[in-house]
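The values are calculated or read from the model by the stated rules, or taken from the named source; none is laboratory data. Treat the numbers as computed from the prediction; the structure is a model and nothing was measured. Note that each Cβ is placed from the backbone with ideal geometry, even for glycine, and that neighbours are counted across all protein chains shown.
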Amino acid sequence: MLVKLKAILIDDEINIIRNLQQVLPWDEQRVEVVGTAKNGVQALELIHAHHPQLIFCDIRMPVMDGIEFLQELRQIDQEAEVIMLTGYQEFEYARSVLRYQVMDYVLKPIDYDALIQLFEKTVQHIRDKLQQNQYAEETQHRMKHIAYEKALLEYIRGFHREGQSGANDRLVLSDNRLALFVLELPQAEQSHSLLSDQLASVKEGMAAYAADSHVHLLHVADRFWALVLAGKLPHMNGSQLEQMMKQIVRSLDGREELAIAAYERAMTAEELYLVWNTMCKELSFAHQPYVIVRELEDTRQSNEQHIWHCADQCIAAIKHLDQAAARSSLKRMNELLRVRTMQSLQQLEMLIHSIIVYMLRELRRYEAIQSATEKQVWRQLNATSKLRELTLLITHMVEKAFSEHSNKRPQVSIHVAKDFIESHLSEDIAAEEVAQYLNISVSYFSTIFKQQYGMTFIEFVTQARIERAKSLLSITKKSISDVAKSVGYTERRYFNKVFQKRVGMLPSEYREQNGSVG
């Protein structure tokens, strides 16, 4: 149904006001006359009270005439459409105020048949303008939403380290507190179309916990998804968090293979990277469907997060062949471990065991360690539980990774490049940028990239974008234009063309067959 428009009538002749009220098809055009005035002063009071979209105004009036009224009106309202009523002798005078954006002039005595046509034309013009403004606002809102999710994703993935985040990203995230949930789903189900409506209901259910918040569902890496509740969040205790996690599982049909973790308090964007990594690790080693990750309270306990962070820094240093940084991370890790020796030795040994397993998994993923070395580390890990031997095993594993890395640097670099590319699919990413990130020449990068994947950089990026788009079309209700922007295509028409060439159907057809209706 059409939105009802508001109009006011301004004329000191009561007969003109009555004729306008009786002759023009107000109800048919869904326009309500919210007030009448005898002069510009009364009219301005009505403007402040009702904010009409349409104004009929005489020029010759006492106290404040139509010309002075227009001057005052445009100080407070640039959008209202004005139709001036004027005598023939005033017409040339009235034309001098065209700069005040008058829709048209009607000469007295009024030809009401012509006025009806002008009225209907003006109403349609107003509706067209409102529709355009609404579309522009919705587009701006969608763009802000995409930018917000992009910023969130980069904070979670660690691309916004201290001093590196852009001013716009800091601004868009600065006023919000963030509640973080981590979902672990089997990799085979990540883009399954059955998840679409279920994940949408998860977002709706989460939003109910905080009226002024909004929910973002992000596919971060491998089998891990982030569900971020952002806004002015109330404090949530452990019981509420557990209820929220159970609701999420119910929304996903209670599937047994789902594991979920919640962090016990809201956080800032700058905390996301460390908290995300901590939550993923605890979820992986917990072997239970619901995990509430507690904030560590005292100085000794809080070191555990920093120990895990040292492990991450060490992995990053190996990927970038920065041996000095790796040794620095190991040194810091050993210092933190010494602080924890006042606690249970058994707990400490279990922590180091978990860190070694995690580092092995990451080094294997990046092909930064040979199979023989990995087997040797596993044998030593199974043969010992002593703290000193375990810490020496970490050092040995890192040193072996560096000694073998020089022979396998191309493979490691390509895996790092793959992560970087997948984190920047929404941007206009170039081979030169990735090569610079890896600190290698673009020609060398292009050569080893094609050797690894059997396709050029551009072909790989296109394929990755289309695969990401297929996932978004299946599991979200974003518009196709927003999906296109999320994977780096600013023009929907070009996105449609590339998608159809790769998939054999249009994005709309793919969504109809495989996912939610946008």
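Take L46 and tell me if it is of a type in the set (A, V, I, L, M, F, W, C), at pLDDT 90 or above and buried (at least 18 other Cβ atoms within 10 Å of the Cβ). Answer is yes for this residue.
Annotation for the stretch 421-435: at least one member residue is assigned to a helix (DSSP H, G or I), surrounded by fewer than 16 Cβ atoms within 10 Å (Cβ to Cβ) and out of contact with any Phe, Trp or Tyr (no Cβ under 8 Å at 6 or more places or on another chain). Evaluated against (1) without any contact (Cβ under 8 Å) to a residue 60 or more places away in the chain; (2) of a type outside the set (D, E, K, R); (3) in a helix (DSSP H, G or I), S471 falls short on exactly one condition, (1).
Return a yes/no flag: does the stretch 361-376 have any residue that is among the aromatic types (F, W, Y) and either in contact with a Cys (Cβ under 8 Å, 6 or more places away or on another chain) or part of a helix (DSSP H, G or I) (or both). No, the conditions are met nowhere in the stretch 361-376. Summed over the stretch 42-65, residues that are over 18 Å from Q78 (Cα atoms) and either out of contact with any strand residue (DSSP E or B) (no Cβ under 6 Å at 6 or more places or on another chain) or small (G, A, S) (or both) total 7.
Here are some conditions: (1) assigned to a loop (DSSP other than H, G, I, E, B); (2) over 48 Å from the mean Cα position of the chain (by Cα). Q21 meets all but one. Which one does it not meet? Single failed check for Q21: (1). L107 satisfies every condition listed in (1) surrounded by 15 or more Cβ atoms within 10 Å (Cβ to Cβ); (2) at pLDDT 80 or above; (3) assigned to a helix (DSSP H, G or I) except (3).
Inspect the stretch 66-77 for any residue being closer than 29 Å to Q131 by Cα, assigned to a loop (DSSP other than H, G, I, E, B) and modelled with pLDDT under 90 and give the result as yes or no. Among the residues of the stretch 66-77, at least one is closer than 29 Å to Q131 by Cα, assigned to a loop (DSSP other than H, G, I, E, B) and modelled with pLDDT under 90, which makes the answer yes.
Do you know which residues across the stretch 233-270 are charged (D, E, K, R), modelled with pLDDT of 75 or more and not in a helix (DSSP H, G or I)? It would help to see each step written out before you state the result.
Step one: of the stretch 233-270, the residues charged (D, E, K, R) are 242, 246, 250, 253, 255-257, 264-265, 270.
So of that shortlist, the ones also modelled with pLDDT of 75 or more come out as 242, 246, 264-265, 270.
Those that are charged (D, E, K, R), modelled with pLDDT of 75 or more and not in a helix (DSSP H, G or I): E264, R265.
Can you tell me which residues in the stretch 303-326 are in contact (Cβ under 8 Å) with a residue 24 or more places away in the chain and over 17 Å from S354 (Cβ atoms)? Give the derivation first.
The initial filter retains those residues of the stretch 303-326 that are in contact (Cβ under 8 Å) with a residue 24 or more places away in the chain, namely 303-312, 314-315, 318-321, 323, 326.
Hits for the stretch 303-326 are I318, K319, H320, L321, Q323, A326.
Pairs meeting the criteria (first residue in the stretch 100-122 and free of Cβ contacts under 8 Å to residues at least 40 places away in the same chain, second residue part of a helix (DSSP H, G or I) and basic (K, R), beta carbons under 8 Å, at least 6 apart or on different chains) are Y100/R74; Q101/R74; Y105/R95. Of all residues in the stretch 127-148, exactly one satisfies the criterion of being of a type in the set (D, E) and either outside any helix (DSSP H, G or I) or within 30 Å of D11 (Cα to Cα) (or both), namely D128.
Residues that are touching a helix residue (DSSP H, G or I) at 6+ places or on another chain (Cβ under 6 Å), at pLDDT below 85 and more than 14 Å from L9 (Cα to Cα) occur in the stretch 88-101; there is at least one. Checking Q124 against (1) at pLDDT below 85; (2) polar (S, T, N, Q); (3) not in a loop (DSSP other than H, G, I, E, B): exactly one of these is not met. Which one? Looking at each condition in turn, Q124 falls short on (1).
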